[in-house]
Amino acid sequence: APLEIDLGGEDQSLVCANPLVRQSVATLTQAQLAVAQAQAQRLPGVQLRSGIDAERGQPTELQATLRLDWVLFDFGRRDAALTQARQALAAKEGEQRARVLAAINTGVTRFVAAEAAWARLQAAEVSLSIANDSLRATTARQQAGAATRADTLQAQTAATQAQLEHTQRLERWNVERAALATALGWPPGTALTIAAPAPAALSAEAADPQVLLMEARETHPRIVAARARIMQLQAQVEAEKAARWGSVDAVADLGKTRTPNQLNSGSTRSTNSVALQWTLPLSDRLLSDTRVRDAESKLGAQQWALQDLQNELALEVWQQTQTVSSARLALQQAQTLRSQADEALTVALRRYRAGVGAFVETLNAQNAAASARAQAADATARPRPAGLAPATALGRF
């Protein structure tokens, strides 16, 4: 049986079926592991080494050493690395939210396109039915001697045009239906029918674009991700600068060396040591400076990218607020136009059937009604994306 599609109950399918969202889950896991690794670098390292030292002419020695290596001070490098990993995770989370939002937006867009195609198909079916009725009426009047051959030919042309329009609308419906099924993770040939939802309502008053823009700059996932990238690069710069000064480490070795003897149990000696060492890189100073400049250049590029993104969102928010106002007005005008065109067609048909009106008058009214019906279908479908597009521009789920 055909499936009844309701947008409100299919958001999760739209998200789960999107390959980019699935990919972002893997990258988010990698970022979480990077944070865990950065935290683990703050812990001391413990190693246990054992071996046998055998040399010809020398007694065999059994060795075992427990080594503790702890970085006491690294001039802020580990802190910067941890901050860098955390900001990278925050950026990945923002990017994942943006991909989820894009997946929902894609599904909504395809649903609305399918809904509009279905409405246009229904309008084309009505126009085709009216054109066929006019053709039958004109043919009957011609047979009765009350209409000319020209009227019948005009009626046939109108019916053929209506049939062509219906065929084109059917093709568009099949294309949009396949696109919607693909967005839901189903085969393109899945049989779908669009449920008849209540008309989408638009708010009576348009929101202030400046208020919406301020909200988008604070909460949009893409903005959040871009700012996290900036903080990540800032931490990278600090980490590269701190790496110039090396690190101060505490190293402790606790070892035992045993020399077996055939006459007795052998001898055992301890090899314990504690050291405090400062490792300062000298030969790679130029390479370190290059890494710092590279990180600073990336930071500057990311800051300009954030500004470009803010400008892009500002334009998008402004455009969507204008779309909402236009969609509201267009819906009212289209409904009025369809009502007037249907009434004019009814009057023209009555006049023609009563023998007081010319068929060209009926044909003109019929074409005007078909055009108004198609415009009403388009205008009825517009409020849904017009109402959801500002939410997408603001980063709302």
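The values are calculated or read from the model by the stated rules, or taken from the named source; none is laboratory data. Because the structure is predicted, anything quoted here is derived from the model rather than measured. Virtual Cβ from ideal backbone geometry, glycine too; neighbours counted across all protein chains shown. Heads up: the accessible areas ignore ligands, DNA and RNA and are worked out on the full protein's heavy atoms, side chains in. Shrake-Rupley method; radii C 1.70, N 1.55, O 1.52, S 1.80 Å.
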In this structure, does Val46 turn out to be β-branched (Val, Ile, Thr), under 46 Å from the mean Cα position of the chain (by Cα) and open to solvent by less than 40 Å² (accessible area, probe 1.4 Å)?
no
Enumeration of residues in region 341-371 that are hydrophobic (A, V, I, L, M, F, W, C), over 20 Å from His166 (Cα atoms) and touching a residue at least 24 places away in the same chain (Cβ under 8 Å):
Ala344, Leu349, Phe359, Val360
Quick one: what pairs do we get from region 131-155, first residue of a type in the set (Asp, Glu), second not in a helix (DSSP H, G or I), C-beta under 9 Å, 6+ apart or different chains?
Asp151/Ala358
Does Lys256 satisfy the condition of being touching a residue at least 40 places away in the same chain (Cβ under 8 Å) and under 30 Å from Arg67 (Cα atoms)?
yes
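Yes/no per residue for (1) of a type in the set (Gly, Ala, Ser); (2) at pLDDT 80 or above; (3) buried (at least 17 other Cβ atoms within 10 Å of the Cβ):
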residue	(1), (2), (3)
Leu287	no, no, no
Asp308	no, yes, no
Gln322	no, no, no
Gln333	no, yes, no
Gln340	no, yes, no
Ala344	yes, yes, yes
Given (1) touching a helix residue (DSSP H, G or I) at 6+ places or on another chain (Cβ under 9 Å); (2) at pLDDT below 85; (3) not in a strand (DSSP E or B), where does Glu205 come up short, assuming only one miss?
(1)
Which one is surrounded by the fewest Cβ atoms within 10 Å (Cβ to Cβ), of the residues in region 63-83 that are among the basic types (Lys, Arg) and within 17 Å of Ala40 (Cβ to Cβ)?
Arg78
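Can you name the residue in region 373-388 that is of a type in the set (A, V, I, L, M) and over 16 Å from Leu329 (Cβ atoms) and, of all such residues, is modelled with the highest pLDDT?
Filtering region 373-388 for residues of a type in the set (A, V, I, L, M) gives 374, 376-377, 379, 381, 386, 388.
When the remaining residues are screened for being over 16 Å from Leu329 (Cβ atoms), the result is 374, 377, 388.
Details: Ala374: 83, Ala377: 78, Leu388: 69.
So the residue we want is Ala374.
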Those residues of region 298-321 which are without any contact (Cβ under 8 Å) to a residue 40 or more places away in the chain and among the aliphatic types (A, V, I, L, M), in sequence order
Ala301, Leu315
For Trp278, work out the one condition from (1) in a helix (DSSP H, G or I); (2) touching a strand residue (DSSP E or B) at 6+ places or on another chain (Cβ under 9 Å) it doesn't fulfil.
(1)
Filter pass, Gln96 being touching a residue at least 60 places away in the same chain (Cβ under 8 Å) and either of a type in the set (Asp, Glu) or not in a helix (DSSP H, G or I) (or both):
no
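What about Ala369, is it at pLDDT 80 or above, open to solvent by less than 70 Å² (accessible area, probe 1.4 Å) and assigned to a helix (DSSP H, G or I)?
yes
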Quick check on this structure: which one of Val25, Val15 is surrounded by 14 or more Cβ atoms within 10 Å (Cβ to Cβ), modelled with pLDDT under 85, not in a loop (DSSP other than H, G, I, E, B) and not basic (Lys, Arg)?
Val15
Long-range neighbours under 6 Å by Cβ, at least six apart or interchain, first residue open to solvent by 80 Å² or more (accessible area, probe 1.4 Å) within region 231-243, second among the acidic types (Asp, Glu) and part of a helix (DSSP H, G or I):
none
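Would you confirm whether any residue within region 122-135 is within 16 Å of Ala381 (Cα to Cα) and either open to solvent by less than 50 Å² (accessible area, probe 1.4 Å) or at pLDDT below 85 (or both)? Quick ask: steps written out before the conclusion?
Filtering region 122-135 down to residues within 16 Å of Ala381 (Cα to Cα) leaves 122-124.
With the extra rule that they be either open to solvent by less than 50 Å² (accessible area, probe 1.4 Å) or at pLDDT below 85 (or both), the set shrinks to 123-124.
Within region 122-135, one or more residues are within 16 Å of Ala381 (Cα to Cα) and either open to solvent by less than 50 Å² (accessible area, probe 1.4 Å) or at pLDDT below 85 (or both).
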Leu329, sole failed condition from (1) within 30 Å of Thr138 (Cα to Cα); (2) free of Cβ contacts under 8 Å to residues at least 24 places away in the same chain; (3) not small (Gly, Ala, Ser):
(1)
